[in-house]
1. In the list 134, 145, which residue meets the criterion of being assigned to a loop (DSSP other than H, G, I, E, B) and loosely packed, with under 14 Cβ neighbours inside 10 Å?
2. Out of (1) surrounded by 17 or more Cβ atoms within 10 Å (Cβ to Cβ); (2) at pLDDT below 90, the odd one out for residue 160 is which?
3. Which residues, counting only those in the range 249-274, are assigned to a strand (DSSP E or B) and of a type in the set (A, V, I, L, M)?
4. Can you list residue pairs whose Cβ atoms sit under 9 Å apart, with the first residue in the range 226-238 being more than 15 Å from residue 210 (Cβ to Cβ) and the second being of a type in the set (Lys, Arg)? Count only pairs 6 or more apart in sequence or on different chains.
5. Go through the range 215-229 and report how many residues are among the hydroxyl-bearing types (Ser, Thr, Tyr) and within 8 Å of residue 269 (Cα to Cα).
6. Looking at the structure I just gave you, is residue 243 among the β-branched types (Val, Ile, Thr), open to solvent by 70 Å² or more (accessible area, probe 1.4 Å), at pLDDT below 95 and in a loop (DSSP other than H, G, I, E, B)?
7. Any chance the range 202-211 includes a residue that's over 24 Å from residue 121 (Cβ atoms) and surrounded by fewer than 17 Cβ atoms within 10 Å (Cβ to Cβ)?
8. Residue 74: at pLDDT 95 or above, touching a strand residue (DSSP E or B) at 6+ places or on another chain (Cβ under 9 Å) and assigned to a strand (DSSP E or B), yes or no?
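The values are calculated or read from the model by the stated rules, or taken from the named source; none is laboratory data. What you are looking at is a predicted structure, and each value in this text was computed from that prediction instead of being measured. In this analysis, Cβ positions are derived from the backbone assuming ideal geometry, glycine residues included, and neighbour counts consider all displayed protein chains. For accessibility, only protein heavy atoms count, side chains too; no ligands or nucleic acids. Shrake-Rupley method; radii C 1.70, N 1.55, O 1.52, S 1.80 Å.
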Amino acid sequence: MNFSKTLVVAAAAAAVFNAGGVLAMPLGSVSGAVEFKLSGVTTEFFTQANTNESTWGVGNITQITTPTSAGATALWNSGEGGDYLGYMLYGIADLSSSGASPNLNLYNVGATGTGCGLLCNSIYIDLFKRATTPSWTTPSLRSGPGGGYNAYPGVSTPSLWLRLQLIPGIVANDTSTIGIDEGTTATLAQTLTALTLPASGGGTFYANVIGGSAMSSYNTNGFTTLLSTSADMYGIFDLRNNTTGAAATCNPISTDCFFGLIRDPVSANAIPEPASIALLGLGLLAMGGASLGHRRQS
């Protein structure tokens, strides 16, 4: 037996399958129709000064999965390959509202004002590739050292992995019901129990990838919006009250805590990075070569 060849084969197999036989791979090798499973928090406090921003949040990507008829199959888990993904959601401003609790319709657009600089007029979700688990405690850290409009210590790093810009198309036309912003189309649509946090409900959006080191892998225009335009990603999320229940982290209630909990997937289409394709091909070739050698020996 060629021991060195056996090690190569084992390493190649580990890159494709985990111990449980479920498809697993490095972050850069993820491809196809995928869903980003997210978990995080949101608040209406410590919003950006000199803007009309109403809400922002932070969190982490727990998994990247691929949908199957039997349910989601994990492609990448947080921490796999030594990589973690933190995210920051920011620049949310209110456009209009309608309906009555528990089915209040809230429509949002990008914040404006001198405090958001070049990032005004849009809602963004920044994903950061990290070497440690993303962590957050209180909203006030946004205004402390390492924080800012698109930065939160423990979540953001200098390594921007993806920048998502929410785009019109989640509603088919102007949804303004309050007599202002006529002609403006919402980029985030929510149905909530209340117009201010804490609240429960959910939301939807379309987004394009406009930056980050993994931009080329996700800029695929895989979705069609209600305005018949293309989008790279489609998001749907749940919002829950974070001030009640045994698991509440905002109890007692304080302005310096996150009132909302966010979860659920963002769908996308992914193309693996060229280097990852080459590594995967070499691994499969190594396994095929070892199998052929074994048959010849037999």
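1. On the way: 134 fails: loosely packed, with under 14 Cβ neighbours inside 10 Å.
Only one candidate qualifies: 145.
2. The number of the failed condition is (2).
3. First, pick out the residues of the range 249-274 that are assigned to a strand (DSSP E or B): 260-270.
Passing the criteria: 261, 262, 266, 268, 270.
4. 237/263; 238/263
5. Narrowing the range 215-229 to residues among the hydroxyl-bearing types (Ser, Thr, Tyr): 216-218, 220, 224-225, 228-229.
Right, trim to within 8 Å of residue 269 (Cα to Cα) and you get 218, 220.
Number of matching residues: 2.
6. Working: among the β-branched types (Val, Ile, Thr): yes; open to solvent by 70 Å² or more (accessible area, probe 1.4 Å): no; at pLDDT below 95: yes; in a loop (DSSP other than H, G, I, E, B): yes.
No: the conditions fail for residue 243.
7. Residues of the range 202-211 that are over 24 Å from residue 121 (Cβ atoms), as a first pass: 202.
Pick out the ones that are also surrounded by fewer than 17 Cβ atoms within 10 Å (Cβ to Cβ) and you get 202.
Yes: the range 202-211 contains one or more residues that are over 24 Å from residue 121 (Cβ atoms) and surrounded by fewer than 17 Cβ atoms within 10 Å (Cβ to Cβ).
8. Numbers: at pLDDT 95 or above: no; touching a strand residue (DSSP E or B) at 6+ places or on another chain (Cβ under 9 Å): yes; assigned to a strand (DSSP E or B): yes.
No.
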